[in-house]
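These notes are about the structure you will find just below.
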Amino acid sequence: MEKEELIKKIEEIESVLPNDTNKWTGYITSSFFITTLQFVKNYIGVDSEFYSILSTNKGVRGNSASSSTQAWAARKVLKSIKDYLNLDLDIHKNEKYITKVDVINDFMEQAVILATNKKFHPAAAGILLGASLEEFLKRLAELNKIELDGEKLSIDTISKKLYAADILKKQDIKDITSWAGIRNDATHGEFEQVNDRKRIQNALEGLNLFMRKYTP
């Protein structure tokens, strides 16, 4: 996720917990804590100090008082992440982070290498990102017996067929459109649109997670 998306999601999570502590129940506070914990684990990282603070509170269970402690910890962590992001600090540690993510095909592996090597323009990684996405969607369609014969194969065409077959979700289509946009800008020489190396790295990370989710 980009900075603005992360902040928006944090604010949505924060809204789950009532501002009035008198309205807190064990059910609400526990749910809020679990949601925050999973969000930080997925989008911030388990090696972060943010996750470490939440992790120390995972074992605090059993009564409303303890779940309230969890909720306060989660609330503080979410505010801290927002403050961190608003200071334009890098939430994902360093460029080596993405290389630790398992990749599932050669295109993705090469794209990661290009994205993290400053000798290469990020557009090169963007092109491979698109190739990897298109190849994966073709395999996913084949796996699910989606008929593609006679179609003009493209990321848009295949993803819409997968969505129509209820294989992909609406959020998947939004993500795919964003990734395809990066590929199109790169292949058409719109280099100013794909000059943000961190954006390309985040896109590769998101695509990798998407591919892993739909890999049997």
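The values are calculated or read from the model by the stated rules, or taken from the named source; none is laboratory data. Keep in mind it's a predicted model, so treat the numbers as computed, not measured. FYI the Cβ positions are ideal-geometry reconstructions off the backbone, even for glycines, and counts take in every protein chain you see. Remember, those area values only see protein heavy atoms, side chains included, never the ligands or the DNA or RNA. Shrake-Rupley method; radii C 1.70, N 1.55, O 1.52, S 1.80 Å.
Counting only helices (runs of 4 or more DSSP H) wholly contained in the stretch 1-85, the ones carrying 2 or more residues that are open to solvent by 80 Å² or more (accessible area, probe 1.4 Å) occupy 3-14, 26-43.
Looking at the stretch 177-186, can you tell me whether even one residue there is free of Cβ contacts under 8 Å to residues at least 24 places away in the same chain and outside any loop (DSSP other than H, G, I, E, B)?
To start, the set of residues in the stretch 177-186 that are free of Cβ contacts under 8 Å to residues at least 24 places away in the same chain comprises 177, 181.
Those left that are additionally outside any loop (DSSP other than H, G, I, E, B): 177, 181.
Taking every residue of the stretch 177-186 in turn, at least one turns out to be free of Cβ contacts under 8 Å to residues at least 24 places away in the same chain and outside any loop (DSSP other than H, G, I, E, B).
Scan the stretch 180-210 for residues that are open to solvent by less than 40 Å² (accessible area, probe 1.4 Å) and under 12 Å from the mean Cα position of the chain (by Cα) and jot them down. Selection gives Gln201, Asn202, Ala203, Leu204, Glu205, Gly206, Leu207, Asn208, Phe210. Of the listed requirements (1) in a helix (DSSP H, G or I); (2) within 18 Å of Gly206 (Cβ to Cβ), Leu168 misses just one: (1).
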